[in-house]
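One structure is given here, and the rest of the page talks about it.
The values are calculated or read from the model by the stated rules, or taken from the named source; none is laboratory data. Computed from a prediction, not measured in an experiment: that's the story for all the values here. Please note: Cβ atoms are built from the backbone with ideal geometry, for glycine as well, and neighbour counts cover all protein chains shown. Areas reflect the complete protein model, heavy atoms only, side chains present, ligands, DNA and RNA absent. Shrake-Rupley method; radii C 1.70, N 1.55, O 1.52, S 1.80 Å.
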Amino acid sequence: MRGTWLEDLLLLTSTLVLLQLHLVLTASYDGPWYDYSAYTECKSHPEAPLYNGGVLVDQSGRIPLSYQKTETGIYSPAFVLYNLTATTRYSFSCWVRVKGTASGLLRATLSAERSTVYCIGTVLAKSGCWSFLKGGFVLDSSSRSSVLYFQNMDENMTEISVASASLQPFSVEQWSMHQQQSITTKRKRSVTVHVSDKQAGNQISGASVSIQQSSIEFPFGSAIANTILGNKQYQEWFTERFNAAVFENELKWYATEPEPGKLNYKLADEMLEFVASNQILARGHNIFWEDPTYTPAWVRNLTGDDLRAAVKSRIRSLLTRYKGQFVHWDVSNEMLHFDFYERRLGSDASMEFFRTAQQSDPLARLFMNEFNVVETCSDPKSTVDSYMSRLKQLKNGGAILEGIGLEGHFSRPNIPLMRAVLDKLAALELPIWLTEIDISKNVGQQKQAKYLEEVLREGFSYPSVSGIMLWTALHSNGCYQMCLTDQEFKNLPAGDVVDKLLQEWRTNEGGLTDEHGQYSFSGFLGEYKVKVTVVDENKSTETTLFLSRGDETKHVSVQL
């Protein structure tokens, strides 16, 4: 049924506001927009190249292909690239097929003048169909002549075919504009406040409107350790900034059951009480850790039915105790790199972990959690295709797996590669969380801050990323790799970056209603306090507003 004239007017206003925001973002931009396309299936024919090939296309409109002899002595398809510039973000993609083996894990490598970017993208390619590789790179310094070539990471003799290749450069400014556009459309929403007289219903122009955001919807937090207990200064510093937390070690099996049957949840209980009392969302980390180094010593000595009984008891004890209190659980941590339990209990052990966890706490989302997926593509154990293959294997086996956890322990981040990996994972249509973000201490505090800002901006702006956790729990001797503050809670450079971004990603503003009694703004998703004052008539009122995701403008009526 057709709406009233007022509903039609509000819908038109919503459309115009969204159009105006888009025009503001794009008015001064004449370059290509980033293409988030990614393909996870192997196809009989390759799709057309992204960006029509980008800068790989020569004057004749073709993409010239040569051959490069690799370190193994095998000749590989290659592209000779000229005049690559420093700081430019290069997005690379192509379709590949192998012959001579059923499948092969292929790596795209860039050899530049002054340095070699060892990996700019990977794909698990198959024989008989085409697989999509997507990656990217940023150079330290300009290179007049470079070679982009392909290698089989297991060094088998393989014939590699490449089609529909594309290399698209983006300036720093262009990349930032793409991020801002994504933030505006995915992390914010347009709002119009309508102010009228309560008695006569007349619109009030010139009313003062104050918009103060009291909480943000996007989960942004950090790891904490038991060092936060009883430390009021640490607690205040944490709650002023973060709305999410994860326990660094206090829920791990070696911490809660150091000896068989002797359960100790005291520290975890106290930390959860602190988190819950401050309305902070909590992730559960972790039920199992596949690395035997961090498996309790007494568990390492178990086999067969004794080990099966122990792991089932662990899941049920932990998740029954904290049922409904942790929004996520990392079920089996770092299972791409380690396989302690599957080697002892069989290949279906992990699927059983997920099934038992889901039965014990049906409300919690169950995650895989892994390192070196977005940090690099040089690790053959944790490529993006390896992650997707393992995830699909678990789901096909009956595991209810509802989230993708990417740790994010970076040295120097490769942001175009990070985005390309996210593009592929996003095709699975599951929530993606950056779960343990930090920057290696080896780069120094100033570069830690610089690189952290790059990673956080990319993560926050990426549409399918649903939350970000830092790995910055503070101890008397510092942090795992990166601290935000010193022991006196004075910000280090990385802490300044976090505070700057938290301020940037929050909406606080105000102004006067127009001749129609309206005040419009674009606000980050979350909860607001809206105060309206008519000074001449000595009238004021306050209301709360929760801004959730939506394409249409949110309309709020305030009467005085």
When you scan region 170-177, do you find a residue that is in a loop (DSSP other than H, G, I, E, B), farther than 30 Å from Phe79 by Cα and open to solvent by 20 Å² or more (accessible area, probe 1.4 Å), even just one? no
Within region 55-73, can one find any residue that is in a strand (DSSP E or B) and modelled with pLDDT of 95 or more? no
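If I filter region 476-500 down to residues being among the hydroxyl-bearing types (Ser, Thr, Tyr) and more than 22 Å from the chain's Cα centre (by Cα), which single residue comes out as most open to solvent (accessible area, probe 1.4 Å)?
Residues of region 476-500 that are among the hydroxyl-bearing types (Ser, Thr, Tyr), as a first pass: 476, 480, 485.
This time we only want the ones that are more than 22 Å from the chain's Cα centre (by Cα), so: 476, 485.
Values: Ser476: 109, Thr485: 8 Å².
Looking at the filtered set, the residue picked out is Ser476.
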Test result for Phe220, out of contact with any Leu (no Cβ under 8 Å at 6 or more places or on another chain) and closer than 19 Å to Val498 by Cα: no
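Mind checking whether some residue in region 222-233 is over 21 Å from Gly478 (Cβ atoms) and at pLDDT 95 or above? Outline the logic, then answer.
Looking only at region 222-233, we keep the residues that are over 21 Å from Gly478 (Cβ atoms), and these are none.
No: region 222-233 contains no residue that is over 21 Å from Gly478 (Cβ atoms) and at pLDDT 95 or above.
Is it true that some residue in region 169-185 is in contact with a Gly (Cβ under 6 Å, 6 or more places away or on another chain) and in contact (Cβ under 8 Å) with a residue 60 or more places away in the chain? If you could, list the steps in order and put the result at the bottom.
Step one: filter region 169-185 for residues in contact with a Gly (Cβ under 6 Å, 6 or more places away or on another chain), giving 174.
Right, trim to in contact (Cβ under 8 Å) with a residue 60 or more places away in the chain and you get 174.
Yes, there is a match, as at least one residue in region 169-185 is in contact with a Gly (Cβ under 6 Å, 6 or more places away or on another chain) and in contact (Cβ under 8 Å) with a residue 60 or more places away in the chain.
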Pairs only if they're at least six apart or on different chains, beta carbon under 6 angstrom, first in region 57-68 and within 14 Å of Tyr149 (Cβ to Cβ), second assigned to a strand (DSSP E or B) and hydroxyl-bearing (Ser, Thr, Tyr); list them, first residue then second. Tyr67/Tyr75; Gln68/Ser76; Gln68/Tyr149
Output the residue which, of all residues in region 163-218 that are under 30 Å from Ala86 (Cα atoms) and hydrophobic (A, V, I, L, M, F, W, C), is nearest to the chain's Cα centre (by Cα). Ile183
Based on what the data block shows, is Ala309 without any contact (Cβ under 8 Å) to a residue 12 or more places away in the chain, aliphatic (A, V, I, L, M) and open to solvent by 20 Å² or more (accessible area, probe 1.4 Å)? yes
Which residue is least open to solvent (accessible area, probe 1.4 Å), if the candidates are limited to region 129-164 and must be in contact with a Cys (Cβ under 6 Å, 6 or more places away or on another chain) and among the aliphatic types (A, V, I, L, M)? Leu133
Would you be able to tell me the number of residues in region 427-458 that are assigned to a helix (DSSP H, G or I) and open to solvent by 30 Å² or more (accessible area, probe 1.4 Å)? 10
Looking at Asn278, Asn264, Asn286 in this structure, which one is open to solvent by 70 Å² or more (accessible area, probe 1.4 Å) and polar (S, T, N, Q)? Asn264
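Yes or no: Ser182 surrounded by fewer than 19 Cβ atoms within 10 Å (Cβ to Cβ), at pLDDT 95 or above and touching a helix residue (DSSP H, G or I) at 6+ places or on another chain (Cβ under 7 Å)? First the steps, then the outcome.
Numbers: surrounded by fewer than 19 Cβ atoms within 10 Å (Cβ to Cβ): yes; at pLDDT 95 or above: yes; touching a helix residue (DSSP H, G or I) at 6+ places or on another chain (Cβ under 7 Å): yes.
So Ser182 fits the description; yes.
Among the residues of region 260-283, which ones are closer than 17 Å to Lys312 by Cα and in a strand (DSSP E or B)?
So the first thing to find is which residues in region 260-283 are closer than 17 Å to Lys312 by Cα, and the list is 260-263.
Selection gives Lys262 alone.
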Only unsatisfied item for Ser461, checking (1) at pLDDT 95 or above; (2) open to solvent by 20 Å² or more (accessible area, probe 1.4 Å); (3) out of contact with any strand residue (DSSP E or B) (no Cβ under 7 Å at 6 or more places or on another chain), is (2)
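Could you look through region 229-259, keep only residues that are free of Cβ contacts under 8 Å to residues at least 12 places away in the same chain, part of a loop (DSSP other than H, G, I, E, B) and of a type outside the set (Asp, Glu), and pick out the one that is most open to solvent (accessible area, probe 1.4 Å)? Break it down stepwise before answering.
Within region 229-259, the subset free of Cβ contacts under 8 Å to residues at least 12 places away in the same chain is 230-232, 236, 240.
So of that shortlist, the ones also part of a loop (DSSP other than H, G, I, E, B) come out as 230-231, 240.
Checking which are of a type outside the set (Asp, Glu) leaves us with 230-231.
Numbers: Gly230: 83, Asn231: 51 Å².
Selected residue: Gly230.
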Consider Phe371 carefully, then state whether it is open to solvent by less than 10 Å² (accessible area, probe 1.4 Å), under 22 Å from Gly284 (Cα atoms) and touching a strand residue (DSSP E or B) at 6+ places or on another chain (Cβ under 6 Å). no
Tell me, which residue of region 289-306 that is part of a loop (DSSP other than H, G, I, E, B) and not hydroxyl-bearing (Ser, Thr, Tyr) is most open to solvent (accessible area, probe 1.4 Å)? Asn301
